[in-house]
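Trainee: Just passing along the structure, written as structure tokens.
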Amino acid sequence: MKSFSKVIDDKYMGSVKVGPKGQIVIPKEARDMFGIEPGDTLLLLADKERGIAIPQKKDYDQLFKNLFSLEHGVPKEK
């Protein structure tokens, strides 16, 4: 099966193949669209019914800080 990709406005759709080690390559068009650079950390969020999402970690850094500060009774940073 041949891979495909399509960019329309600010949306991207493409196919990737899972390699023998379970790795995928994020297509260049998607990396460029989201500013993903070598060495960036991405999160893997998975739900059996809803699928897989791979957002950038930096998009969730403040959320994690807030969650952990509330959990440990530490006041949030302003």
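Trainee: Order by neighbour count: E37, E29, E49, fewest other Cβ atoms within 10 Å first, most last.
Mentor: Working: E37 7, E29 14, E49 4.
Lowest to highest Cβ neighbour count: E49, E37, E29.
Trainee: Taking the simple approach of a point 7 Å from Cα along Cα-to-Cβ for both S69 and K17, what is their distance in nm?
Mentor: 4.7 nm
Trainee: For the range 1-56, which chymotrypsin sites (Phe, Trp or Tyr not before Pro) pass both filters: DSSP loop (anything but H, G, I, E, B) and at most 12 other C-beta atoms within 10 Å?
Mentor: Qualifying residues, ordered by number: F4.
Trainee: Give the order of D32, D9, D47 when sorted by the count of other beta carbons within 10 angstrom, beginning with the fewest.
Mentor: Working: D32 11, D9 5, D47 8.
Fewest-to-most Cβ neighbours within 10 Å comes out as D9, D47, D32.
Trainee: For a quick check of your reading of the filter: which trypsin sites (Lys or Arg not before Pro) in the range 1-61 sit in a DSSP loop and have no more than 14 other Cβ atoms within 10 Å? Before the final figure, lay out each step's value.
Mentor: Working: sites: K2, K6, K11, K17, K21, K28, R31, K48, R50, K57, K58; in loops: K2, K17, K21, K48, R50.
Answer in residue order: K2, K17, K21, K48, R50.
We did not get these values from a lab; they are worked out from the coordinates using the rules stated. In this text, all values refer to a predicted model and were calculated from it rather than measured experimentally. Backbone-built Cβ (ideal geometry, glycine too); neighbour counts: all protein chains shown.
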